[in-house]
Amino acid sequence: MITKKTVKDIELRDKRVIMRVDFNVPMKEGAVQDDTRIRAALPTINHVLEQAPRYLILMSHLGDPKKDAAKAKENAEKAGKEFDEQKFLDGKCRMKPVAEYLAGLLGRPVKLAPSAIGPEVASMVSALGPAEVLMLENTRFHREETSKDPAEREKMAKELAAFADVYINDAFGTAHRAHASTETIARFVPVAVAGFLMEKEVRYLGQTVSSPQKPFVLVLGGAKVSSKIGVITNLLNKVDAILIGGGMAYTFLKARGLPVGRSMVETEMIPTAAEILKKAAEAKVEIFLPEDHIAVPEFSNEAMIHAIPKDSFPDDLMGVDIGAKTLAEYKDVLSRAKTVIWNGPMGVFEMPNFATGTKEIAKALAEIDAITVVGGGDSVSALKQTGLESKMTHVSTGGGASLEFLELGHLPGIDALNDK
Ligand code: ADP
Ligand code: MG
């Protein structure tokens with residue numbers, strides 16, 4: 001259970017409310033490309049507005065203006081094209097299109113501030129009418145937001161905190177970052193609580209791990225062992241079995257002394273992989289590795305496909321998906337599971353010819369009678385491609401945040417909130 005206060009635990013009537021949301025949505029030429037994150041915040045926003053607050057201020061980051069512009073400039077220069085920084089920022093990093101989009105969803109006006117802090121914003125805030133909604137400009141236009149210097153973060157956090165009696169954090173996707181608007185601010189507002197999305201993420205990711213119905217199976221894939229070590233280590237003693245696929249499987253196979261051709265291997269992680277296999281054996285946790293593979297001579301969707309068994313991997317091929325035998329075995333294990341956490345695609349799903357393993361695992365999860373939780377940026381986008389999202393118990397909106405939460409069991413943005 002979440003031990004932090006939520007919006008349900010507090011009085012909101014006539015209160016000045018500031019809420020951190022994660023509206024870091026994909027943008028193209030000033031248009032919202034995917035509204036999942038905006039819709040995910042609606043339950044909390046609507047709840048607040050129904051309680052007749054003095055006003056509601058929303059704040060979010062949207063990309064990283066400085067970093068993103070520098071990168072785009074570099075790419076433009078490489079391509080010999082002209083770069084218009086203002087046009088780039090308007091199209092990618094300004095909240096205006098998001099505010100307009102939200103206004104459409106809410107069916108009420110959403111005012112827009114020209115920045116996140118400063119005198120102009122302060123006077124806009126004091127002019128707000130009852131239950132009016134104001135969206136601040138992208139918090140990351142201010143370097144203090146992400147500053148490593150606590151005094152700088154505090155300066156910005158205090159300015160934001162001065163607008164409010166209540167701080168609500170519903171930005172699970174950024175809760176793994178201790179930024180001015182996600183963490184520091186909580187110390188300077190009288191009341192700091194979690195929104196419904198935050199509560200839901202913590203409930204599903206947290207409770208699934210702390211009190212799972214058994215058998216509890218972890219499905220792990222994706223590119224690298226190194227990015228998933230924390231998750232494996234934390235969950236190793238809690239799960240009954242781990243099914244491994246994707247690029248990370250090859251480091252484990254190599255650790256078992258099997259041939260992997262030119263498949264992706266993190267050489268420096270081989271000893272770690274061997275250690276995990278040993279610990280799993282001691283803990284009587286079954287680790288399943290691919291029995292067969294889909295392999296190709298080069299990294300292209302059109303490449304000639306070879307189906308190969310595990311002990312005769314040709315030197316010139318690389319594995320890009322799990323094979324049919326592996327899939328059958330993994331499905332069999334999943335059919336008996338009562339709780340499943342899935343993170344990481346089973347293959348290079350971005351190329352349709354190598355997406356079978358990932359799609360079939362999604363189907364298997366959709367069919368079983370179990371708690372199914374999916375986390376990770378690429379895993380969730382692969383799942384969306386299958387159209388099976390609604391068949392899962394919980395699909396996390398946080399990429400890095402869900403991984404860190406599975407790894408650590410807590411995040412700075414959550415820790416900063418008031419206890420129940
Ligand atoms: P998530 O974002 O869900 O945590 P990761 O970022 O760890 O997942 O991994 C996703 C990436 O792993 C995808 O880009 C996918 O192409 C890649 N991948 C999966 N299988 C392989 C493989 N066999 N070889 C190389 N890359 C792979
Ligand atoms: Mg990823």
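The values are calculated or read from the model by the stated rules, or taken from the named source; none is laboratory data. Source: prediction; values computed, not measured. Using ideal geometry, Cβ is built from the backbone for each residue, glycine included, and neighbour counts are taken over all protein chains shown. Remember, those area values only see protein heavy atoms, side chains included, never the ligands or the DNA or RNA. Shrake-Rupley method; radii C 1.70, N 1.55, O 1.52, S 1.80 Å.
Enter the Cα centre distance for the pair the stretch 13-77 and the stretch 187-249, rounded to the nearest angstrom.
That distance is 25 Å.
What whole number of Å gives the distance from the Cα centroid of the stretch 150-174 to the Cα centroid of the stretch 278-346?
Taking the Cα centre of the stretch 150-174 as reference, the centre of the stretch 278-346 is 45 Å away.
Work out how far the C-alpha atoms of the stretch 30-147 reach from end to end along every principal axis, then list the three figures in whole Å, largest first.
For the stretch 30-147, the Cα spread along each principal axis is 53, 32, 22 Å.
Which whole-number percent is the relative contact order of the stretch 291-400 (Cα, under 8 Å, 6+ apart)?
Here the relative contact order equals 22 percent.
Largest first, please: the extent of the C-alpha atoms of the stretch 169-211 along each principal axis, to the nearest Å.
Cα extents, longest axis first: 34, 19, 15 Å.
How high is the relative contact order of the chain? Use alpha-carbon pairs under 8 Å, at least six apart in sequence, and give a whole percent.
Computed value for the chain: 17 percent relative contact order.
How large is the accessible surface per residue of the chain, computed with a 1.4 Å probe and reported in Å² as a whole number?
With the other protein chains kept in place, the chain gives 43 Å² per residue.
State, in angstrom, two size descriptors of the stretch 92-144 derived from its alpha carbons: Rg to one decimal place and Dmax to the nearest whole number.
Cα radius of gyration and Dmax of the stretch 92-144 are 11.4, 33 Å respectively.
What is the magnitude of the charge dipole of the stretch 207-309 about its Cα centre, with +1 placed on the Cβ of each Lys and Arg, -1 on the Cβ of each Asp and Glu, and no other charges, expressed in debye to the nearest 20?
360 debye
In the chain, if the dipole is taken from +1 on Lys/Arg beta carbons and -1 on Asp/Glu beta carbons about the Cα centre, which of A103, I294, V48 is farthest to the positive end?
V48
Could you size up the charge dipole of the chain around its Cα centre, putting +1 on the beta carbon of Lys and Arg and -1 on that of Asp and Glu, and report it in debye to the nearest 20?
Here the chain has a charge dipole of around 840 debye.
Counting only DSSP beta bridges with both residues in the chain, tell me the antiparallel percent, nearest 5.
20 percent
With a/c under 1.5 counting as rounded, go ahead and sort the stretch 218-329 into rounded, prolate or oblate using the C-alpha gyration tensor (a ≥ b ≥ c being the square roots of the eigenvalues; past the cut-off, prolate if a/b is larger than b/c, else oblate).
The shape class here is prolate.
In whole Hz, with x marking every Gly and Pro, tabulate ³J(HN,Hα) for the stretch 60-75 from phi via Karplus 6.51 cos²θ - 1.76 cosθ + 1.60, θ = phi - 60°.
7, 9, 8, x, 10, x, 5, 5, 5, 5, 4, 5, 5, 5, 4, 4
Classify the stretch 247-386 from the C-alpha gyration tensor, please: rounded if a/c falls under 1.5, else prolate or oblate depending on whether a/b exceeds b/c.
oblate
Have a look at the DSSP beta bridges in the stretch 285-420 and tell me what percent are antiparallel, nearest 5.
Rounded to the nearest five, the antiparallel share is 55 percent.
Place a +1 charge on the Cβ of each Lys and Arg in the stretch 283-372 and a -1 charge on the Cβ of each Asp and Glu, then give the dipole magnitude about the Cα centre in debye, rounded to the nearest 20.
That gives a dipole near 500 debye.
Run the helix sum for the chain: -39,500 (n - 2.57) per DSSP H stretch of 4+ residues, divided by residue count, reported at 222 nm to the nearest 500 deg cm²/dmol.
About -10500 deg cm²/dmol.
Loop-only GluC sites (Glu not before Pro) in the stretch 54-110, please: DSSP not H, G, I, E or B, and at most 14 other Cβ atoms within 10 Å.
E82
If we count every other residue with Cβ under 10 angstrom of E29's Cβ, Lys/Arg +1 and Asp/Glu -1, where does the sum land?
Residues close to E29 contribute a combined charge of +2.
Once you have the alpha carbon radius of gyration of the stretch 334-420, what is it after dividing by 2.2 N^0.38 Å, with N set to its residue count?
Rounded to two decimals, the normalised Rg is 1.19.
With all pairs of different alpha carbon atoms counted, what Kirkwood hydrodynamic radius in Å does the chain show?
Every distinct Cα pair counted, the radius reaches 23.0 Å.
Among the listed pairs K278/K310; K92/K228; K363/K384; K66/K155; K224/K310; K284/K338, give every one whose C-alpha distance is greater than 22 Å.
Violating the 22 Å Cα-Cα cut-off are K92/K228.
Report D34's accessible area, 1.4 Å probe, all protein chains in place, as a number in Å² to the nearest 10.
Accessible area of D34: about 50 Å².
How much of the accessible area of the stretch 178-286, probe 1.4 Å, is carbon plus sulfur, in whole percent?
The nonpolar share, carbon plus sulfur, comes to 53 percent.
Can you give me the three principal axis dimensions of the stretch 1-87 from its C-alpha atoms, in Å, biggest first?
Extents along the principal axes: 57, 30, 20 Å.
Less than 11 Å Cβ to Cβ from A99, Lys/Arg counted +1 and Asp/Glu -1: what total charge do the surrounding residues give?
Here the count lands on +1.
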